[in-house]
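Just below is one structure, and these are the notes that go with it.
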Amino acid sequence: TILRQLPSKKEIENLIVDVAQTSLADGLRNVQIQAQPEVLYDYYAEAPYVLRFQGTYHQLAKFVSDASALPRIITLHNFATITPTPDFAQNKELDLKITAKTYRYLDDEEMKQRAPAKAKPAGSANK
């Protein structure tokens, strides 16, 4: 089910390590991995990370493919590539900046905190 693909709060850190290891296995250099503030929704939280890698076009493409094959849900957004050095024709390396978002389910305590206050039924006012 989808809940099995959503990590718990404690598993998020391990998932980012998996992403970093995937990038290294694909031959990329990790330049930046920066956590952004979590965004809470009714039943889940979105945990975005800004990632920056350097490598060839094929290494970057392989990373995108391999990241999508990880067992947990990760979505990739806001792709931006730049040529990091003036000698691109010689070294053929690009700089990729991307936002990776993973999602986690809210635990019972977080769900209780987010539960809306129950409204009084109509007509139940004291007379």
Item to check | Top-ranked residue of the stretch 14-30 - restricted to ones that are polar (S, T, N, Q) and in a helix (DSSP H, G or I), ranked as nearest to Leu70 (Cα to Cα) | outcome: Thr22
Next on the checklist: Anything in the stretch 9-37 that is touching a helix residue (DSSP H, G or I) at 6+ places or on another chain (Cβ under 9 Å) and open to solvent by 80 Å² or more (accessible area, probe 1.4 Å)? List them, or say none.
Outcome noted: Lys9, Ala25, Arg29
Checklist entry - Mind checking which pairs have a first residue in the stretch 42-53 that is over 25 Å from Asp107 (Cβ atoms) and a second that is small (Gly, Ala, Ser) and open to solvent by 30 Å² or more (accessible area, probe 1.4 Å), Cβ under 9 Å, 6 or more apart or different chains? => result Val50/Ala35
Checklist entry - Here are Ile82, Ile12: which of them is in contact with a Ser or Thr (Cβ under 9 Å, 6 or more places away or on another chain) and either modelled with pLDDT under 90 or closer than 30 Å to Lys112 by Cα (or both)? => result Ile12
Checklist outcome for this item: If you go through Pro7, Pro37, Pro71, the only one that is within 30 Å of Asp108 (Cβ to Cβ) and modelled with pLDDT of 90 or more is Pro37
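The values are calculated or read from the model by the stated rules, or taken from the named source; none is laboratory data. In this text, all values refer to a predicted model and were calculated from it rather than measured experimentally. Ideal geometry is used to build each Cβ from the backbone, glycine not excepted, and the neighbour counts take in all protein chains shown. SASA here: full protein model, heavy atoms, side chains in, ligands and nucleic acids out. Shrake-Rupley method; radii C 1.70, N 1.55, O 1.52, S 1.80 Å.
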